[in-house]
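Below is one structure, written out as structure tokens; comments come after it.
Taken together, the values in this text are just the output of simple stated rules run on the coordinates, not laboratory data. Keep in mind it's a predicted model, so treat the numbers as computed, not measured. Cβ coordinates were reconstructed from backbone atoms using ideal geometry, including for glycine residues, and neighbour counts include every protein chain displayed.
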Amino acid sequence: MATTPSALLDSRKSTKVIVIGGGGTIGSSTALHLIRNGYTPSNVTVLDTYSIPSLQSAGNDLNKIMGIRLRNKVDLQPFFNNTGRLDCAHSEQGIRSLETQYQSLVDAGVGLEDTNEWLDNEDEILLRMPLLQRDNIKNWKAIFSHDGGWLAAAKAINAIGVYLQDAGVQFGFGPAGTFKRPLLTEDGASCVGIETVDGTRYYAEKAILAAGAWSPTLVDLEGQCCSKAWVYAHLQLTTSEAAPYKDAPVVYNADIGFFFEPNESGVIKVCDEFPGFTHFEMHQPYGAAHAQRISVPRSHAQHPTDTYPDASETSIKHAIATFLPRFQHKELFNRSLCWCTDTADASLLICEHPRWRNFILATGDSGHSFKLLPNIGKNVVELLEGRLAGDLKEAWRWRPGEGDALKSVRAGPARDLGDMVGWCHDGDMDVYGDRNDKEEGVGGKV
Ligand SMILES: Cc1cc2nc3c(=O)[nH]c(=O)nc-3n(C[C@H](O)[C@H](O)[C@H](O)COP(=O)(O)OP(=O)(O)OC[C@H]3O[C@@H](n4cnc5c(N)ncnc54)[C@H](O)[C@@H]3O)c2cc1C
């Protein structure tokens with residue numbers, strides 16, 4: 001029987017919901033949309049290992065690429081920087097993929113060709129981004145998206161945290177916010193709450209697991225998600241070096257990487273592009289019959305001396321030499337691993353866990369989900385209320401055994417950190433707790 005609008009409103013007021021991973025991207029968006037939809041703030045409990053924005057969220061970052069191609073107005077306007085976005089390619093495969101991307105924009109039939117321009121050669125690209133070096137972009141093609149840009153990622157999640165706090169949402173952080181297991185009915189078929197690692201028990205009608213790369217380590221997802229790290233590093237520009245780059249578009253090349261305009265302190269973030277790094281260990285998530293080989297994230301927050309593999313230094317420097325050759329001799333700092341979780345087809349995993357009624361999964365970000373921050377929580381609430389659109393329900397369903405999350409849709413298999421050198425500095429502390437690795441310029445996250 002369909003729920004009447006007034007019954008839905010009543011149920012929203014009285015239903016208790018726990019959001020696990022609420023300090024991250026999908027979790028904070030979910031808590032935001034619960035409140036926007038009329039859930040009583042004191043009935044919403046946000047749990048996370050770290051307070052919002054969580055230090056180990058993939059979204060706790062200087063900036064992320066954002067677009068408004070999906071016709072949704074970005075509703076985090078103060079944090080959206082509409083600098084434009086330049087998607088480039090030079091390899092045969094890269095150009096083919098860019099052409100397909102452009103055609104799909106045109107085929108959408110909603111006038112996206114008005115805001116997305118095909119650039120066919122270096123002259124056209126330089127008109128949009130004169131700061132690139134002509135010699136380095138010979139035979140490149142590009143799409144320039146006038147409506148694209150970047151979102152001040154950590155600041156946007158932080159703003160959601162402030163909103164939730166002001167609204168009166170309940171929080172649990174640290175050991176009292178760190179998920180240990182679902183609390184189940186006697187028959188084991190329904191979830192009635194969550195126990196955290198300090199033994200605190202939270203009871204609710206619905207629990208949502210939005211723990212990003214940690215999700216497959218917390219509950220058995222039957223191999224549907226494989227967590228992987230990507231990397232970034234930062235460059236410090238002087239005021240005069242930074243000035244010409246103000247409002248420069250985000251430049252992306254799938255074979256090389258991407259960078260953003262400098263922040264207010266002249267810091268540029270540079271990423272490379274590659275199939276990710278796994279970190280396999282024997283591990284037993286809740287609900288699994290035995291320990292299995294699972295890629296377990298190692299966050300910078302919990303391992304502050306971790307940097308990234310030597311191989312990443314080479315590829316990040318290649319990205320800098322291509323995009324920003326005038327800065328290629330600058331020292332890099334805040335080299336970091338950042339963890340996401342891939343599904344086999346790179347679609348999200350947003351569904352009820354088939355073994356535990358009222359235990360909802362909201363994960364499987366596949367490394368491209370920050371841009372969903374403004375509205376993914378709306379979809380999670382729709383699923384919670386049994387009114388998620390059929391096509392989304394189908395795309396985000398429970399689907400074990402369909403494809404390979406380790407490979408996902410990426411160009412090649414992920415390499416394991418266990419086979420890589422240069423990223424782990426566990427033994428590098430001196431007796432005062434200072435880093436011995438002096439190549440790292442500035443400590444902490446930007
Ligand atoms: C280098 C890099 C660059 C990227 N660039 C872009 C980009 O430009 N555009 C884009 O759209 N996307 C980008 N992404 C991807 C994007 O950041 C992620 O897809 C997105 O942030 C994932 O959101 P999430 O909510 O699933 O996970 P997260 O944001 O990581 O949140 C997971 C949360 O779960 C919490 N948690 C973990 N364990 C527990 C536990 N036991 N109990 C309670 N809480 C727990 C964590 O503390 C964290 O807060 C990038 C990713 C990387 C790594």
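Key figures for this structure:
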| read-out | value |
| --- | --- |
| Gap separating the Cα centres of segment 29-47 and segment 139-161, nearest whole Å | 26 |
| Net charge over other residues, Cβ less than 14 angstrom from the Cβ of ASP220 (K, R count +1; D, E count -1) | +2 |
| Distance histogram in 10 Å bins (all Cα pairs of segment 133-227, percent per bin) | 12, 27, 28, 15, 11, 7, 1 |
| For MET420, MET282, MET129, order by how many other beta-carbon atoms lie within 10 Å, fewest first | MET282, MET420, MET129 |
| Value of relative contact order over the chain, rounded to a whole percent, pairs C-alpha under 8 Å and six or more apart | 20 |
| Contour minus Cα-Cα distance for LEU9 and THR115 (0.36 nm per residue) | 34.3 nm |
| Cβ-derived FRET efficiency at R0 41 Å, ASP187 paired with ALA108, nearest 0.05 | 0.30 |
| Residue exposure sequence - THR239, THR305 - by fewest surrounding Cβ within 10 Å | THR239, THR305 |
| P(r) of the chain over all Cα-Cα pairs, binned every 20 Å from zero, in whole percent | 24, 57, 18, 0 |
| Within a Gaussian network of the chain (alpha carbon springs, distance under 10 Å), most fluctuating of GLN133, GLN56, GLN101 | GLN101 |
| Fraction of antiparallel bridges per DSSP, the chain only, in percent to nearest 5 | 70 |
| Estimated distance in nm for a label pair at ASN37 and LYS330, the labels positioned 7 Å out from Cα along Cα-to-Cβ | 4.4 |
| Likely footprinting exposure, LYS317, LYS371, fewest C-beta neighbours within 10 Å first | LYS317, LYS371 |
| Calculated FRET efficiency for the pair GLU124/GLN292, C-beta based, R₀ 41 Å, to 0.05 | 0.20 |
